[in-house]
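Input: a single structure, listed below in structure tokens.
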Amino acid sequence: MKWILTALALSASLSASAQAWKTLPKGVRIIGYRNVVTNKVNSNFNQFRSESSLGTQFKVDAATLDKIPAFGGTLQQAFPASVYKDLSVGEYKVDASAQFNVQGSGFGYGLTDKVMFYAEVAYYKAQVQAKIQRTKGNTYAAAAEYLEQNNGGVLDATLAANLRSMIDADERTVQSFITNHYGYKPLGDWYGAGYGDMETGLMAKVVDRGIWGLMVYPGLILPTGRQDDPDILQDVGFGDGQFDLFTEFASGYVVNDYLNIGTTLRYTYQAPTTKRLRVPTSRDFTLSSEKSEFLVKYGDKINWMINSNIAVNDWLSFTPTYRVLYQMPSQYTSEQTEADKYLGYNSDKMEHQVQLTTTVSSIQPFMKKKFLLPAQINMNVVQTVAGKNVPKVARFELELRMLF
């Protein structure tokens with residue numbers, strides 16, 4: 001869902017070696033396939049870094065009522081600020097959950113013994129369930145009673161009568177209001193499928209000292225993925241619609257034949273792009289009937305990872321990993337200066353993940369001429385354990401890699 005969920009980040013190195021700085025030899029190819037299945041996501045880490053439900057809560061208040069022709073702005077004139085603030089059609093909650101299945105594929109080729117080219121892309125399938133529930137009723141009676149006791153004349157009496165005769169807005173009424181007044185498509189279950197953004201680049205080995213080394217990954221992310229629809233509240237974008245440039249560094253240290261340590265650090269610059277978005281009228285209430293063009297500069301990203309590869313033998317190894325992802329605040333520029341502030345508010349993200357990888361590989365036996373084909377199977381279990389403005393998600397990944 002666009003107000004909480006972001007597309008799953010599934011970029012993965014095509015390096016087939018446990019040593020982080022190793023590349024393919026010249027002329028050698030690698031193909032990779034990954035299948036990812038998430039749990040049913042129904043909570044997120046909010047702006048306060050605490051876990052909360054994935055849905056959203058909102059209140060239909062007097063300011064919204066004043067936009068209806070029957071009132072035409074008269075409510076704010078009729079009530080003192082304290083009464084006007086409490087006047088409400090009701091409070092509502094959208095319960096939501098989401099689930100993803102992603103299939104990714106990649107290709108790499110050794111241009112030299114120190115430089116390899118790679119490209120990878122993922123195909124997403126996503127399902128979102130959303131349901132409106134009413135959490136608090138209207139305050140029509142209290143507001144009408146104030147007008148009647150105030151004895152303000154015919155206008156107050158008419159306004160009080162209008163309030164008492166208003167339909168009690170249940171979930172179906174709100175659904176209709178969101179659709180007819182704001183122009184959104186109905187809330188409910190949503191299913192989408194499509195390609196994500198494509199990543200391509202080079203892996204260049206710049207240092208190799210046997211027991212430690214350094215690799216540099218310069219690369220580009222192409223906006224091939226499906227973007228979210230501003231008219232659908234509960235959909236998910238598989239791409240964010242702009243070019244990204246990144247540089248990643250990978251290094252490691254071989255402790256002995258059974259243990260080595262690796263780490264990577266990536267910085268991603270997200271280029272500005274123009275998007276047509278809804279124009280929010282409040283920082284906390286994002287529903288809007290107006291759309292406008294915005295120059296959007298999504299926040300740059302920093303990804304850091306550290307792991308240790310523990311080899312049981314030439315065939316089997318385990319790799320525990322800790323990963324941190326941070327995205328800086330986004331910036332919006334348009335003629336709607338207040339809306340720019342609302343959209344940019346609380347737009348930074350932080351995610352902490354732990355991962356355990358079980359690897360079955362024939363690469364070492366192949367190099368020792370004990371097996372015919374060099375291939376690798378990785379089974380990854382990944383869990384988001386903390387963060388800010390990101391979903392709390394667990395996923396299982398199966399990776400297949402083959403060299404030829």
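Every read-out reported here was derived from the displayed coordinates using simple, explicitly stated rules and does not represent laboratory data. Computed from a predicted model, the values in this text were never measured in an experiment. Every residue, glycine as well, gets a Cβ built from its backbone with ideal geometry; the counts of neighbours run over all protein chains shown.
General remarks:
- Net charge dipole size for the chain [Lys, Arg +1 and Asp, Glu -1 on Cβ; Debye, nearest 20]: 1560 debye
- Test item: Cα-centred dipole of region 333-404, Lys/Arg +1 and Asp/Glu -1 on Cβ, debye: 740 debye
- Percent RCO, i.e. relative contact order, over region 251-404, from Cα pairs under 8 Å lying at least 6 residues apart: 17 percent
- Full-stretch length increase - Gln383, Asn39 - with 0.36 nm per residue and alpha-carbon distance subtracted: 122.8 nm
- For Trp212, the residues 5 or more places off, or on other chains, whose built amide H falls under 5 Å of its own are Val254.
- Dipole of region 96-187 [Lys/Arg +1, Asp/Glu -1 at C-beta], most positive-end residue of Tyr123, His181, Asn138: Tyr123
- A simple rule links phi to the HN-Hα coupling: the Karplus curve 6.51 cos²θ - 1.76 cosθ + 1.60 with θ = phi - 60°, which for region 172-184 gives 5, 5, 5, 4, 5, 5, 4, 6, 7, 7, 8, x, 7 Hz, with x for Gly and Pro.
- 5 angstrom amide H check on Gly299, placed H, neighbours 5+ away: Ser330, Gln331
- The 3J(HN,Hα) values that the Karplus relation (6.51, -1.76, 1.60; θ = phi - 60°) gives for region 299-306 are, in residue order, x, 5, 10, 10, 10, 10, 9, 9 Hz. Gly and Pro appear as x.
- Cα centroid of region 18-66 to Cα centroid of region 141-215, whole Å: 20 Å
- Counting all C-alpha pairs of the chain, share separated by more than 41 Å (%): 30 percent
- HN-Hα J in Hz across region 235-242 - Karplus 6.51, -1.76, 1.60, θ = phi - 60°, x for Gly and Pro: 7, 10, x, 9, x, 10, x, 9
- Span from the region 102-123 Cα centroid across to the region 261-300 one, whole angstrom: 28 Å
- Ranking Gln242, Gly225, Thr264 by how far each Cα lies toward the positive end of the dipole of region 175-272 (charges on Cβ) leaves Thr264 at the top.
- Calculated log₁₀ intensity ratio I(q)/I(0) where the Debye formula runs over C-alpha points of region 285-390, q = 0.10, 0.14, 0.20 Å⁻¹: -0.53, -0.72, -1.01
- 5 angstrom amide H check on Lys392, placed H, neighbours 5+ away: Ser43, Asn44, Phe45
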